[in-house]
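Reading through the structure tokens given below for one structure.
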Amino acid sequence: MVPLCVGDSVPPPAVWAQRSEVIFLTLNVECTEPEIKFTEDSLTFSGVGKPEGKKYELNVEFYSKINPDKVATKNIKRCIEFVIAKADPQAPYWPRLLKDKTKPHWLKVDFNRWEDEGSNDEEGGQPDMGDKNVDLSELLQSYGKTKEDFSFDDLSDEQE
């Protein structure tokens, strides 16, 4: 199903990511009174964006089924965030968010929240790069390297 927009409305810019049990979807639009409806396989959204008053509408069919009773919605200043429970948390990761194989121009991957299937940060995964004070030796050890494994002998001390 192609996003259905009526008249002068446009789809809001959006980003998404997933975990084994949930989908993260963020609509990047400031909207004080959105109309949102989830079914087991779709999302319908409409609202007026602030401050420009642009009309946004979106009607999409998800790649697989979700649990519409387990959707958390958070309307914050500049975006609307959803945490959507997958109907089958044991199923493999979805290859895409939408049933339609065409990549829509308004949808991008949320790399800040993305986690590959099978990765598990709670069990000694990659260090959290959100902390800007990551020690280089800790970072190298997480990749199975030490400082001594790298050679900088080919670098000159002279400036070019």
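The values are calculated or read from the model by the stated rules, or taken from the named source; none is laboratory data. Everything quoted here is computed from the prediction, not taken from an experiment. Ligands, DNA and RNA are excluded from the accessible area calculation, which covers all protein heavy atoms including side chains. Shrake-Rupley method; radii C 1.70, N 1.55, O 1.52, S 1.80 Å.
Per-structure values
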| quantity | calculated |
| --- | --- |
| Karplus-derived HN-Hα couplings along the stretch 78-87 (A = 6.51, B = -1.76, C = 1.60, θ = phi - 60°), whole Hz, x at Gly and Pro | 10, 7, 10, 9, 10, 10, 10, 6, 6, 5 |
| Diffusion constant of the stretch 8-89 at 10 °C, which comes from Stokes-Einstein with the Kirkwood Cα-pair radius and 1.306 mPa s, µm²/s | 123 |
| Entries of K50/K108; K77/K101; K50/K101 with Cα pairs more than 28 Å apart | K77/K101; K50/K101 |
| With DNA, RNA and ligands ignored, accessible area of T32 (1.4 Å probe; Å², nearest 10) | 100 |
| Per residue, in Å², the accessible surface of the stretch 17-63 once ligands and nucleic acids are set aside, probe 1.4 Å | 47 |
| Sequence-distant residues sharing a close amide H with V22 (under 5 Å, placed H) | K86 |
